[in-house]
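No lab work stands behind these numbers, since they all come straight from the coordinates. Being a predicted model, the structure only gives us computed values, none of them experimental. Counting neighbours? That spans all protein chains shown, and the Cβs are built from the backbone with ideal geometry, glycine included.
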């Protein structure tokens, strides 16, 4: 199914094959699971990350998976019957609306594999801006990409953006971790 969808929608799917289990682990090891009550995943596809997120997610937490591809949504809903999983059809640019509709105020962590470098002008910037607004102070935005393009979208919004190369994936890819600043009142 993954390869078929890549051929059908090459600009929407970042790779011809799903991410490796080692890369999934490396990215998800950066999450503070004890504090995470709302995890948002952009472009979950066939659930490569989704399954691992659910394995780590607190029993009372929610995983909100947002995808534009109706075939992937149907696949996830059929293959992952978990009460903590809420799969919605739509754009990551509408993340704050989806968070509100799920009964939450802000996300603790947002993960994206959306290929930002292939998006139309302004769309990636809009998604990054909405992501920043959707995160709680101290919340993390985790991104995996095959180019460094997204760093230029993240840097103006987040005071901390860490980039790593994940060699244990085919092809190797870049991972980014950005943290929303804590509010001054909370820091005092």
Worksheet item: Given a Förster radius of 22 Å and the C-beta distance between residue 29 and residue 129 as r, what FRET efficiency does 1/(1 + (r/R0)^6) yield to the nearest 0.05?
Response: 0.20
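Contour minus end-to-end for residue 89 and residue 168, with contour as 0.36 nm per residue of separation and end-to-end as the Cα-Cα distance?
Details: separation 79, 0.36 × 79 = 28.44 nm, distance 3.08 nm.
Result for the pair: 25.4 nm of gain on full extension.
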Worksheet entry | Largest-first ellipsoid semi-axes for segment 32-89, taking √(5λ) over the Cα gyration tensor eigenvalues, angstrom | 19, 11, 9
Worksheet entry | Rel. contact order, % - alpha carbon contacts under 8 angstrom, at least six apart, the chain | 20 percent
Worksheet item: Measuring from label point to label point, each 7 Å out along Cα→Cβ, what is the residue 102 to residue 159 span in nm?
Response: 2.7 nm
Practice prompt. Before rounding to the nearest 500, sum -39500 (n - 2.57) across all DSSP H runs of length at least 4 in the chain and divide by the residue total; then give [θ] at 222 nm in deg cm²/dmol.
Written response: -9000 deg cm²/dmol
Worksheet item: For the chain, what size does the Cα cloud have along each of its three principal axes, sorted from largest down, in whole Å?
Response: 52, 36, 30
Item to complete: Report the calculated FRET efficiency for residue 151 and residue 74 (r = Cβ-Cβ distance, R0 = 41 Å), to the nearest 0.05.
Response: 0.75
Fill in: Between segment 144-180 and segment 44-91, the Cα center-to-center distance that results, in Å
23 Å
